Amino acid sequence: MTNRDLSHHNLNGQDLSATILKGAKIPRLLNNVDLSYCDLTQMNLERCDFINVKLIGAKLPRSLKFSALVGCDLSGLDLTNSEVDDCDFSEAKLTGVKFPKIMRDVKLSGCDLTGLHQLHHGRCRPLPCFPQQY
């Protein structure tokens, strides 16, 4: 699917895991799609709305600013070099995720933050935007 414009296709419920999507355009709103192990580095995912999307092992673009990744499975992703300001990770699976040192206005409500020690030990400064339940 290299260089294909899929932005007007309904991909909801599809398994696109390990699909080559270099240069492809995908819809800004995705629900229940498996994008595990896909290389999404050349895509603009700023302001996207992904709901229950599997992104295990996926390569994401540097900027995820203003994106909603609600209920998504981000297990094991390294986001240390990503821009995630104003990103909504509510209800997301964050097991083993490595976050950047500074994040602003990030929503983590309903997330299991167990094992995300960098939020507590100085690698990442908790800002007032974090929910009180962590």
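The values are calculated or read from the model by the stated rules, or taken from the named source; none is laboratory data. Please read all numbers here as calculations on a predicted model, not as lab measurements. Methodologically, a virtual Cβ is constructed for each residue, glycine included, from the backbone with ideal geometry; neighbour enumeration extends over all protein chains shown.
A few points about this structure:
Residues are listed down the side, and each one gets a yes or a no for (1) farther than 17 Å from LEU79 by Cα; (2) surrounded by 15 or more Cβ atoms within 10 Å (Cβ to Cβ):
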site: ASN12; (1), (2): yes, no
site: SER17; (1), (2): yes, yes
site: LYS25; (1), (2): yes, yes
site: ASP34; (1), (2): yes, yes
site: THR41; (1), (2): no, no
site: LEU45; (1), (2): no, yes
site: ASP49; (1), (2): yes, yes
site: LEU64; (1), (2): no, yes
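- Residue match in segment 76-90 (condition: part of a loop (DSSP other than H, G, I, E, B), aromatic (Phe, Trp, Tyr) and under 23 Å from GLY110 (Cβ atoms)): yes
- Condition met for THR95 (out of contact with any helix residue (DSSP H, G or I) (no Cβ under 6 Å at 6 or more places or on another chain) and either part of a strand (DSSP E or B) or under 17 Å from THR41 (Cα atoms) (or both)): no
- Residue list for segment 15-33, restricted to those being under 17 Å from GLY57 (Cα atoms) and either modelled with pLDDT of 90 or more or not aliphatic (A, V, I, L, M) (or both): ASP15, LEU16, SER17, ALA18, THR19, LYS22, ASN32, VAL33
- Enumeration of residues in segment 46-57 that are in contact with a Ser or Thr (Cβ under 6 Å, 6 or more places away or on another chain) and assigned to a loop (DSSP other than H, G, I, E, B): GLU46, CYS48, ILE56, GLY57
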